[in-house]
1. For labels at Arg71 and Asp33 in the simple 7 Å Cα→Cβ model, what's the distance in nm?
2. Using Stokes-Einstein with the Kirkwood hydrodynamic radius over Cα pairs, what translational diffusion coefficient do you get for the chain at 37 °C and a viscosity of 0.692 mPa s, in µm²/s rounded to a whole number?
3. With a/c under 1.5 counting as rounded, go ahead and sort the range 33-84 into rounded, prolate or oblate using the C-alpha gyration tensor (a ≥ b ≥ c being the square roots of the eigenvalues; past the cut-off, prolate if a/b is larger than b/c, else oblate).
4. For a quick check: with amide H placed at 1.01 Å from N, whose amide H comes under 5 Å from Glu28's, ignoring anything fewer than 5 positions away on the same chain?
5. Grab the DSSP H runs of the chain that are 4 residues or longer, score each as -39,500 (n - 2.57), total them, divide by all residues and round the 222 nm result to the nearest 500 deg cm²/dmol.
6. Measure off 7 Å from each Cα along the Cα-to-Cβ vector at Lys56 and Thr8, then give the distance between these two points in nanometres to one decimal.
Amino acid sequence: MGFEYRLTFRSPTRSLLDDLLRSCRGFERFDADRQIYILDSRSEREPGGMPQLELKIEPFGLYACDYGSGRELLLAVQRELEGRFGTVSLADLE
């Protein structure tokens, strides 16, 4: 289990948010079955190993799970969101 967060903001459309997430540093792939964006900036990660960060689009904005080394990527995503959509609230769900 990782550290869970809620990023709350107003996104005009799901499509715009999808485009932004796919262009973020560390974007690795989108898991369509789980509707999860997987981000990892490490070059040495084992294929299929635990990623640094997973994101899921929710009605309030994004759910995020940091698996222990994804904080930098999470904050980079927050900055990208703020640049595009304005204020973003980051709350710890623990």
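1. 3.2 nm
2. Values: Rh = 13.2 Å.
The diffusion coefficient I find is 248 µm²/s.
3. Working: a/c = 2.39, a/b = 1.39, b/c = 1.72.
Note, shape of the range 33-84 comes out oblate.
4. Amide H neighbours of Glu28, under 5 Å, 5+ apart: Ile38, Leu39, Asp40.
5. Numbers: 2 runs with 25 residues, N = 94.
After summing the helix terms and dividing by the residues of the chain, the value is -8500 deg cm²/dmol.
6. In this crude label model, Lys56 to Thr8 measures out at 1.9 nm.
Every number in this text was worked out from the coordinates using simple rules, so none of it is lab data. Bear in mind that the values here come from a model prediction, so they are computed numbers and not experimental data. Please note: Cβ atoms are built from the backbone with ideal geometry, for glycine as well, and neighbour counts cover all protein chains shown.
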